[in-house]
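Data first, discussion second: the structure below is written as structure tokens.
The values are calculated or read from the model by the stated rules, or taken from the named source; none is laboratory data. From a predicted model like this one, the values you see are computed outputs, not experimental measurements. A quick note on method: Cβ atoms are made from the backbone with ideal geometry, for glycine too, and the neighbour counts reach across all protein chains shown.
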Amino acid sequence: MDFRKCSGFFLFAGIILLALLLPGCGREVQKTKLRMVTNATFPPYETIRNGRIVGIDPDIMQEFCKRNGFELDIENMEFGALIAAVQSGKADVAASGITVTEDRKKKIDFSIPYTSAHQLVTIRKNSGILANHELKGLKIGVQEGTTGDVYVKENLSEPQRYKDAATAIQALLTGKVDAVVLDSDPSHVFVRKNPSLHLLPEPLVTENYAFAVSKDRPDLLMTLNSSLQEMIADGTLQQIIERNKKENDTSDTGKAGQTGVWERLKEDLRVNFVAESRYLYLLRGFVITLLIALLSVLIGIMIGFVVAVIRSTADQTGKFQLLNLICKVYLTVIRGTPVVVQLLIIYFVIFGAVDINKIVVAVAAFGLNSGAYVAEIIRSGIMSIDRGQLEAGRSLGLSYSRTMCWIILPQALKNVLPALGNEFIVLLKETSISGYIALEDLTKGGDIIRSQTYNAFMPLIAVALIYLAVVMLFSKLLAVLEGRLKKNE
Ligand code: ARG
């Protein structure tokens with residue numbers, strides 16, 4: 001029977017995928033591990049190069065670990081989530097070009113400062129803006145949750161908030177905003193790489209950068225401070241800063257000056273996909289997207305199956321009233337809230353303080369979410385089967401559950417196959433929000449390339465084409481399966 005074959009296939013695929021995944025989630029917790037969190041969109045302090053998080057902050061923390069016998073573990077996340085990650089104990093230290101502010105001091109402790117910086121204004125060369133006082137009321141881009149964000153809001157206008165500095169710069173390049181307010185070092189990097197931009201000469205404010213540590217970890221803070229003092233005294237800190245500033249200039253973001261359309265296209269393709277093996281972000285992201293989608297759909301089908309059977313049985317026989325109620329609550333809550341909010345709740349609240357593989361979090365969130373929709377799809381399949389069949393089964397002497405398993409469900413599943421296929425397509429694309437928990441899925445892979453090359457077109461189109469190809473291939477497979485089932489009738 002085809003259904004058994006295909007559930008066998010799913011089971012097999014599931015086991016293989018789990019086997020691939022498990023070594024990642026069973027990471028043993030070592031005592032000496034130092035968990036650092038950062039937002040790697042901020043060169044030269046932290047950026048992703050060749051798939052690794054590199055820059056001044058990772059280097060300083062690496063040196064700190066070396067001097068104190070820790071093993072460094074770096075996790076990338078949204079800038080706005082860093083302080084909370086330290087506060088909740090999810091991370092030991094946040095190192096991310098973080099400015100010392102009174103507000104932040106209420107939540108976490110800061111180390112001694114390791115450098116200082118300014119907030120600078122970047123504009124297009126042809127914009128006609130000459131000085132800071134002309135900025136009032138203009139459209140100004142910032143990175144969400146940064147001190148630049150706060151400064152603009154308090155002194156200039158309601159800012160346009162972007163997830164990272166590179167996106168804000170892209171908005172400036174394409175004329176969506178009139179200026180961008182950012183920390184001085186990244187501003188210099190962005191302006192050097194974009195000849196059509198320049199900086200206003202006067203800084204808006206001067207700030208100090210420090211590392212954030214939980215208020216419950218005075219021991220760690222003390223060790224960190226004394227190591228930092230040593231690194232300042234012996235010149236290591238200065239070396240790290242200078243080396244990284246130099247390295248950032250050599251990263252390949254394309255040659256300017258191509259005039260022909262074909263030439264420009266070739267250079268764009270090279271910079272976005274070939275240079276520094278950037279295609280790997282798409283490739284790795286693609287594997288992760290597929291993995292999350294497949295595992296989630298398996299979980300979704302399992303949950304959906306159970307929920308649908310409970311709900312239909314309760315409706316038809318009056319049994320399982322309590323379970324039925326639980327299922328109804330589950331359906332209401334899951335279908336009544338956006339999946340991105342569910343993902344964030346699972347990541348930051350439910351697994352807030354534990355070190356857990358993000359793929360597991362994503363699979364849990366998407367599987368749980370999909371289960372609710374699958375449940376209703378399967379239930380509609382069950383309801384589509386004539387009640388006479390149930391009665392026929394029972395009068396042949398089969399129990400209710402046997403009738404369900406051998407007569408109703410196989411037919412129901414066949415009826416809902418197109419709807420289930422559709423659910424998988426929706427789910428596959430829905431996983432593109434995984435970037436919210438800094439999981440490097442396909443969409444995020446495109447984002448990373450975009451943040452390095454300041455080119456929106458190429459990475460976005462490439463990402464779109466990959467999703468499209470997968471969906472088309474899957475639709476084709478589904479059509480073949482449907483055809484086979486029809487023949488079997
Ligand atoms: N210094 C600014 C702040 O603390 C911006 C830091 C942004 N850092 C980053 N890695 N994106 O708010």
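A few notes on this one:
- Flag if Leu182 is away from the ligand (no atom under 16 Å from the Cβ), crowded, with 22+ Cβ neighbours inside 10 Å and not in a loop (DSSP other than H, G, I, E, B): no
- Test: Ser226 is of a type in the set (Ser, Thr, Tyr), in contact with a helix residue (DSSP H, G or I) (Cβ under 7 Å, 6 or more places away or on another chain) and more than 16 Å from the ligand (Cβ to nearest atom): no
- Any hit, the range 426-448, residues being of a type in the set (A, V, I, L, M, F, W, C), surrounded by fewer than 17 Cβ atoms within 10 Å (Cβ to Cβ) and either assigned to a helix (DSSP H, G or I) or modelled with pLDDT under 90 (or both): yes
- Checked against the criterion of being away from the ligand (no atom under 14 Å from the Cβ) and part of a loop (DSSP other than H, G, I, E, B), the candidates Glu158, Glu134 yield just one match: Glu158.
- Taking the conditions (1) assigned to a helix (DSSP H, G or I); (2) among the charged types (D, E, K, R); (3) surrounded by fewer than 19 Cβ atoms within 10 Å (Cβ to Cβ) in turn, Lys319 satisfies each one other than (1).
- Top-ranked residue in the range 107-124 [being of a type in the set (A, V, I, L, M) and assigned to a strand (DSSP E or B); ranked as nearest to Ala85 (Cα to Cα)]: Ala117
- Qualifying residue in the range 377-392 (condition: over 30 Å from Asp73 (Cβ atoms) and in contact with an Asp or Glu (Cβ under 8 Å, 6 or more places away or on another chain)): yes
- On inspection, Gly97 passes the criterion of being crowded, with 17+ Cβ neighbours inside 10 Å and near the ligand (Cβ under 10 Å from one of its atoms).
- Pairing residues of the range 199-224 that are more than 20 Å from Ser96 (Cα to Cα) with residues that are of a type in the set (A, V, I, L, M) and outside any strand (DSSP E or B), at Cβ distances under 6 Å and at least 6 apart in sequence or on separate chains, gives Leu199/Val191.
- Residue, farthest from the ligand (Cβ to nearest atom), within the range 137-155, restricted to residues that are within 17 Å of Ser184 (Cβ to Cβ) and either part of a loop (DSSP other than H, G, I, E, B) or of a type in the set (Val, Ile, Thr) (or both): Ile140
- Of note, Lys106 does not satisfy the criterion of being surrounded by 20 or more Cβ atoms within 10 Å (Cβ to Cβ) and either touching a residue at least 12 places away in the same chain (Cβ under 8 Å) or more than 14 Å from Leu221 (Cβ to Cβ) (or both).
- Hits in the range 58-85 (condition: part of a loop (DSSP other than H, G, I, E, B) and away from the ligand (no atom under 16 Å from the Cβ)): Gly69, Phe70
- Going through (1) at pLDDT below 95; (2) in contact with a Leu (Cβ under 9 Å, 6 or more places away or on another chain); (3) more than 15 Å from the ligand (Cβ to nearest atom) one by one, Ser88 falls short only on (2).
- Scan of the range 203-236 for residues that are out of contact with any Leu (no Cβ under 9 Å at 6 or more places or on another chain) and within 30 Å of Glu134 (Cβ to Cβ), ordered by number: Val205, Thr206, Glu207, Asn208, Tyr209
- Scope the range 416-468; condition of a type in the set (Ser, Thr, Tyr) and under 11 Å from the mean Cα position of the chain (by Cα); matching residues: Thr431, Ser432, Ser434, Tyr436, Thr443
- Qualifying residues in the range 138-190 (those that are aromatic (Phe, Trp, Tyr) and closer than 19 Å to Gly80 by Cα) - the one nearest to the chain's Cα centre (by Cα): Tyr162
- The set of residues in the range 166-179 being within 12 Å of the ligand (Cβ to nearest atom) and farther than 23 Å from Leu130 by Cβ consists of Ala166, Thr167.
- Residue match in the range 257-273 (condition: surrounded by fewer than 21 Cβ atoms within 10 Å (Cβ to Cβ), assigned to a helix (DSSP H, G or I) and touching a Ser or Thr at 6+ places or on another chain (Cβ under 7 Å)): no
- Options Val329, Val374, Val361, Val341: the member that is touching a Phe, Trp or Tyr at 6+ places or on another chain (Cβ under 6 Å) and in a helix (DSSP H, G or I): Val361
- Among (1) surrounded by fewer than 20 Cβ atoms within 10 Å (Cβ to Cβ); (2) touching a helix residue (DSSP H, G or I) at 6+ places or on another chain (Cβ under 6 Å); (3) closer than 24 Å to Glu247 by Cβ - the single one Arg192 does not satisfy: (2)
- Among the residues of this structure, Ile466 counts as one that is in contact (Cβ under 8 Å) with a residue 60 or more places away in the chain and of a type in the set (Val, Ile, Thr).
- Only one of Gly352, Gly393 that is outside any helix (DSSP H, G or I) and modelled with pLDDT under 95: Gly352
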